[in-house]
Amino acid sequence: MPGDAEGRTWAELIAEGQIRVAARGNVQAARELADRTEGKVSQHLEVTGNDEGPVEAASAIEKLLDKLGR
């Protein structure tokens, strides 16, 4: 940032502001910081078939290709 006495960039100033807001209890700011520094939490996804049982992706693709006549 031009004129900053400490020579910080805009990104550094924005990060500092985000940290201050998170430290005051802003959960959204804290979550954003955690996502950026620790990585987002992975989410489990399960695909079910017509019988509501789990579907193996490779098996489902093979069946679809067979139906389409490859």
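The values are calculated or read from the model by the stated rules, or taken from the named source; none is laboratory data. A quick note: this is a predicted structure, and the numbers were derived from the prediction, not measured.
Among the residues of the range 1-45, how many are part of a loop (DSSP other than H, G, I, E, B), more than 18 Å from the chain's Cα centre (by Cα) and not β-branched (Val, Ile, Thr)? Walk me through how you get there before you give the answer.
Quick first cut of the range 1-45, residues part of a loop (DSSP other than H, G, I, E, B) only: 1-9, 24-26, 39-45.
Narrowing further to those that are more than 18 Å from the chain's Cα centre (by Cα): 1-9, 24-26.
Okay, now just the ones that are also not β-branched (Val, Ile, Thr), so 1-8, 24-26.
Residues in the range 1-45 being part of a loop (DSSP other than H, G, I, E, B), more than 18 Å from the chain's Cα centre (by Cα) and not β-branched (Val, Ile, Thr): 11 in total.
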Failed item in (1) at pLDDT 85 or above; (2) not in a loop (DSSP other than H, G, I, E, B), with residue 61 passing the rest | (1)
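Could you tell me whether the range 47-55 includes any residue that is modelled with pLDDT of 90 or more, among the hydroxyl-bearing types (Ser, Thr, Tyr) and more than 21 Å from the chain's Cα centre (by Cα)? Working first, answer last.
Restricting attention to the range 47-55, the residues satisfying the condition of being modelled with pLDDT of 90 or more are none.
Within the range 47-55 (the criterion being modelled with pLDDT of 90 or more, among the hydroxyl-bearing types (Ser, Thr, Tyr) and more than 21 Å from the chain's Cα centre (by Cα)), the answer is no, since none of the residues qualifies.
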